[in-house]
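In what follows, a single structure is set out as structure tokens and then discussed.
The values are calculated or read from the model by the stated rules, or taken from the named source; none is laboratory data. Not measured: the values here are computed from a predicted model. Note: ideal-geometry Cβ built from the backbone for every residue, glycine included; neighbour counts use all protein chains shown. Areas reflect the complete protein model, heavy atoms only, side chains present, ligands, DNA and RNA absent. Shrake-Rupley method; radii C 1.70, N 1.55, O 1.52, S 1.80 Å.
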Amino acid sequence: MQTSIVLLNLVKILSVERKSSWSLMKVFLVCLLACVITTVIGVLVLSLVYVNHVPFIRETVVTDDGTSSPKPEEKDVDIKFQFLNHVRNSKVHKYPGGEIQWARYRNDVNEYQSDEEMVFGKSINNHRSKMTFGTLRIKSKGLRAPHWHFNANEHGYLVQGSAWIGVIGADDSVVTTYNVTAGQVIFFPRNTVHWVKNVGSEDCLFLLFFTTHEELQTLDVDDAFFSTPEDIAARALKPQGGVSFIRTFKKQEEDQAINLPPNLNELVKNATYVQSPDNLVWQFFYDLKGSAEYPFPGGVFQWARYRINGTGLNEKEKIFSESLNKHEDTLTLATLRIFSNGLGQPHFHFNANEMGYVISGCGQVGVILSGVTSNFNIGIGDVIFFPVGTQHYIKSVCDEDLLLILAYNTGNQLETLRMDDYFHGTADHILAQLFFKDQDEFKKFPRAVKK
């Protein structure tokens with residue numbers, strides 16, 4: 001009996017303790033919820049204060065050497081700079097024997113000199129243009145060091161001066177050398193070693209187009225030599241004196257991309273500028289200024305291009321035509337002269353991006369790309385870019401002729417459609433419906449007589 005009473009009391013005590021524990025749990029949960037709500041409110045308040053008072057931290061860019069730097073803030077830039085680069089204002093890369101300026105894409109955005117330059121670089125890259133442009137100025141007797149490009153063919157147009165060119169192909173092929181003067185074109189297929197030597201009394205100025213929209217990858221022969229272990233170079237070149245002779249070569253402190261030693265006359269005792277046979281030379285050379293002219297209302301074209309079956313080309317020009325076509329990703333080059341107040345009418349290209357450089361004169365350009373329209377002026381030293389399929393026109397607005405060198409990224413025949421052709425090719429009742437005009441009104445557009 002007593003045992004039963006004891007057990008009953010114990011049950012009562014446990015029941016009281018369980019109720020007490022549950023009450024404590026409820027108090028704990030209420031307190032925890034209050035703490036969470038207070039913390040959230042505090043964080044929100046602090047966040048608002050931080051946003052309003054802490055300076056903006058700029059995004060950083062990690063460069064190839066692992067260092068980081070603030071990314072330039074992109075400002076609102078006129079859309080025309082997707083199609084226009086004032087390369088004459090770009091950074092001048094100076095060397096002992098000359099200088100180079102670029103209109104190109106850069107991996108490191110900090111290497112652009114301006115927001116406008118960056119917009120152009122991104123434009124040619126985003127459109128996968130396979131095009132980069134540069135100007136190369138070489139002083140008298142200066143040398144663009146022998147070099148090759150890993151990722152691009154190179155096409156050039158000589159504006160002034162005279163130069164001696166060397167090209168070395170693969171597998172111990174014959175070395176081709178030739179002389180070039182103003183108005184002529186040079187061509188170096190990807191990975192061919194080549195050099196350019198100024199053999200005149202004035203500066204040489206080359207306008208160069210490379211078939212890449214990425215950063216150009218180049219290796220100069222002197223850099224390759226000094227990067228090769230001395231014993232390896234000695235075994236490959238087999239000089240008298242072996243590795244001891246190799247060790248007599250000393251790398252210059254200054255980049256020799258365009259070379260001109262101050263004691264050149266002491267170093268070079270006898271220089272000859274040999275001209276290889278035409279069947280070799282014309283694989284890498286074209287006499288653009290001496291080629292046929294193709295007039296149009298308002299101006300004239302001259303072309304360095306591939307023609308199917310060599311139509312309209314002489315035997316030497318056919319060699320160049322076939323050379324372009326057999327190499328991958330080559331360019332078509334042309335000079336375009338638009339007479340004073342003349343017009344290169346609106347047109348577009350089916351199979352090529354177009355890039356050009358203003359040699360002389362001044363003009364106006366218009367571009368239409370996916371509903372985006374831009375009209376702007378151009379002058380000497382400007383580079384223009386028209387992505388494939390974009391309608392564009394070029395108009396001369398000076399008293400003098402407007403002269404450009406143009407490059408198209410196709411080694412096949414260029415395919416073009418002009419405004420008058422597609423307008424006249426569209427049925428007049430379709431145009432009437434489209435433009436809300438009487439069908440007979442479209443008879444007022446004259447049809448050009450095709451030659």
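Annotations
- Accessible area per residue for the stretch 79-281, computed on protein heavy atoms with a 1.4 Å probe, is 48 Å².
- Anisotropy class assigned to the stretch 293-435 is oblate, per the alpha carbon gyration tensor with a/c at or over the 1.5 cut-off and a/b no larger than b/c.
- Rounded to 0.05, the FRET efficiency of the ALA224 and LYS444 pair, given R0 = 56 Å and the Cβ-Cβ distance, is 0.30.
- For the stretch 79-281, with all protein chains in place and a probe radius of 1.4 Å, 50% of the accessible heavy-atom surface sits on carbon or sulfur.
- FRET efficiency, 1/(1 + (r/R0)^6) with R0 25 Å, evaluated for VAL300 and ILE380 via beta carbons: 0.80
- Cα-projected label distance for ARG106 with LEU414, points at 7 Å along beta-carbon direction, nm: 3.0 nm
- Pairwise FRET efficiency - PHE423 versus HIS93, Cβ, R0 = 60 Å, nearest 0.05: 0.85
- In Hz, Karplus ³J(HN,Hα) per residue of the stretch 407-419 (6.51, -1.76, 1.60; θ = phi - 60°; x = Gly, Pro): 10, 10, 7, 8, x, 9, 5, 6, 10, 10, 10, 9, 4
- Computed extension gain for GLU293 through ALA271, at 0.36 nm per residue and net of the alpha carbon distance, reaches 4.3 nm.
- Here LEU369 sits with roughly 40 square angstrom of accessible surface, probe radius 1.4 Å.
- Between the residues THR177, ALA152, TRP102, the greatest Cα displacement towards the positive end of the dipole of the stretch 79-281, with unit charges on the Cβ of Lys, Arg, Asp and Glu, is found for THR177.
- Heavy-atom accessible area order for TYR357, TYR95, TYR286, largest first, 1.4 Å probe: TYR95, TYR357, TYR286
- The 3J(HN,Hα) values that the Karplus relation (6.51, -1.76, 1.60; θ = phi - 60°) gives for the stretch 185-200 are, in residue order, 10, 10, 9, 10, x, 3, 6, 8, 6, 8, 9, 9, 10, 6, 10, x Hz. Gly and Pro appear as x.
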